[in-house]
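The values are calculated or read from the model by the stated rules, or taken from the named source; none is laboratory data. For clarity, every value in this text was computed on a predicted model and none was experimentally measured. For neighbour counting, all protein chains shown are included, and Cβ atoms are generated from backbone atoms with ideal geometry for every residue, glycine included. Heads up: the accessible areas ignore ligands, DNA and RNA and are worked out on the full protein's heavy atoms, side chains in. Shrake-Rupley method; radii C 1.70, N 1.55, O 1.52, S 1.80 Å.
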Amino acid sequence: MISKIIEPKILSLITTEKCTAACHNCCFQCSPRLKQRMSLEDMKFLIDEVIKDFPMILACVFTGGECTTLGTDLHQIINYAAINNLKCRIVTNGHWAVSESRALLFLKQLKDAGLHELNLSTGDEHQKWIPYDRIVYACQAAVKLEMFVAVNIESTPESKFTSVSMKSDDRISREIMLGKVVVKDSLWIDFDKEHLDRTLEMNDGPCINLFNTISVSPDGHLQACCGLTCKNSIYLDLGSYRKHSLRQLYIEQFDDLMKLWLYTHGPKKIYSFLCEKKGVANESYRYPHICSMCHHILENKENMDIIKANISSIIPSVMLKYQFINNLKT
Ligand code: SF4
Ligand code: SF4
């Protein structure tokens, strides 16, 4: 459909479904009970494929679930990625940081293996499983090791623990002020409250998560995005790398008008278009996040039928904007 694809910049390995926490509304529904994980050989194979077929990728993110449950395999794969010139980041709930000294020891070993960046997750739901103090110890240790550290705090309008709570914690506020620890509130979807009767600010622009990451799930499927609802979407599942090459699976996305439309205009514009065609009220404010709106668009057959029926009027503006964005990027 298009002549020039957008090259991804990041490899994201969803290494395991296992987690030391079991947060209600975890977008991947991870828990200590789940076992599926990537083997060391699988992860090495994926890194080899990316080095060969995606030369623009310079960073590798190890996430989950809780990637540190991989134990020494995590050290080995970080080392493997690092010697292949990929900058390595882990995303973790910080369960291992039971004291500052233990956190320092743990992180030092990962840094020696090649870890470049630490990304911590916390918030009201996480703290039911992992005490907040561990986030502080992990940050203090990372700062001592001069490692970049970011903390994502799950955020809903009802959140009690927010970035303000952390910024006012004397143990770490100075490092936050100096920019050594970056703290940000990240929208958290209450999946059990599908529609919310309140107004929320939502990104009404394009989806910036498409076409920038090779994201692979523990069962070996390439995912179109790391969006909060992607696990439940057959549509965003691009297929198994065991059947086709990563490159082929990635490139095939560019034949799909829906993904291009999400990328150029975003879920909110598509939702408005659908409401207009159906002649129903636009209630976009009821969705807590663009990913939940996206999920509802993609999983509804009537929506897809409307889009198919109007394809010739949609294509020109999508193609024009795609080319415009692509020209800006190159
Ligand atoms: S810590 Fe993260 S991966 Fe683990 S259950 Fe909570 S949200 Fe899911
Ligand atoms: S808006 Fe849709 S395509 Fe974009 S990240 Fe969210 S779920 Fe994925």
Separation of alpha-carbon centers, region 120-170 and region 72-112, rounded to whole Å = 18 Å
Quick one: length gained pulling residue 309 to residue 33 fully straight, 0.36 nm per residue minus the C-alpha distance?
-> 94.9 nm
Where the centroid of each part is defined by its Cα atoms, how far is region 1-66 from region 308-330 in Å?
-> 29 Å
What aspartates and glutamates could a cross-link reach from residue 184, if we take a straight Cα to Cα line under 19 Å and drop same-chain neighbours fewer than 8 places away?
-> 117, 124, 125, 133, 154, 158, 169, 170, 175, 201
Using the Karplus curve 6.51 cos²θ - 1.76 cosθ + 1.60 with θ = phi - 60°, work out ³J(HN,Hα) for each residue of region 68-82 in order, rounded to whole Hz, and write x for Gly and Pro.
-> 6, 6, 6, x, 5, 4, 5, 4, 5, 6, 5, 4, 5, 5, 5
Sort the following peptides by mean Cβ neighbour count (other Cβ atoms within 10 Å, averaged over residues), highest first: 66-73, 9-16, 269-276.
-> 9-16, 66-73, 269-276
Mind checking which lysines have their Cα closer than 17 Å to the Cα of residue 269? Skip sequence neighbours fewer than 8 apart in that chain.
-> 259, 277, 278, 308, 321
What percentages, rounded to whole numbers, describe P(r) for region 256-329 computed over all alpha carbon pairs with 10 Å bin width beginning at zero?
-> 19, 52, 26, 3
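Kindly sort 296, 24, 289 by accessible area of their heavy atoms, largest first, with the probe set to 1.4 Å. Intermediate results must be reported in sequence, preceding the final value.
Details: 296 55, 24 100, 289 35 Å².
I get 24, 296, 289, largest accessible area first.
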Rank these by accessible area, largest first, 1.4 Å probe: 106, 211.
-> 106, 211
Note, region 2-9: 3J(HN,Hα) by Karplus (6.51, -1.76, 1.60, θ = phi - 60°), whole Hz, Gly/Pro = x, goes 10, 8, 10, 8, 9, 7, x, 10
Using θ = phi - 60° and Karplus 6.51 cos²θ - 1.76 cosθ + 1.60, couplings along region 110-118 (whole Hz; Gly, Pro as x) = 5, 5, 4, 6, x, 5, 10, 9, 10
Can you sort 49, 100 by 1.4 Å-probe accessible area, starting with the largest?
-> 100, 49
Long-range amide H contacts for residue 215: which residues qualify at under 5 Å (H placed 1.01 Å from N, peptide plane, sequence gap of 5 or more or a different chain)?
-> 12, 223
When the scattering of the chain is computed by the Debye formula from its Cα atoms alone, each counted once and equally, what is log10 I(q)/I(0) at q = 0.13, 0.15 Å⁻¹?
-> -1.05, -1.34
Amide H to amide H, which residues 5 or more places from residue 34 or on other chains are under 5 Å from it, using H placed in the peptide plane?
-> 19
XL table 52/87; 9/144; 144/167; 9/108; Cα-Cα > 24 Å flagged, in table order, is 9/144; 9/108
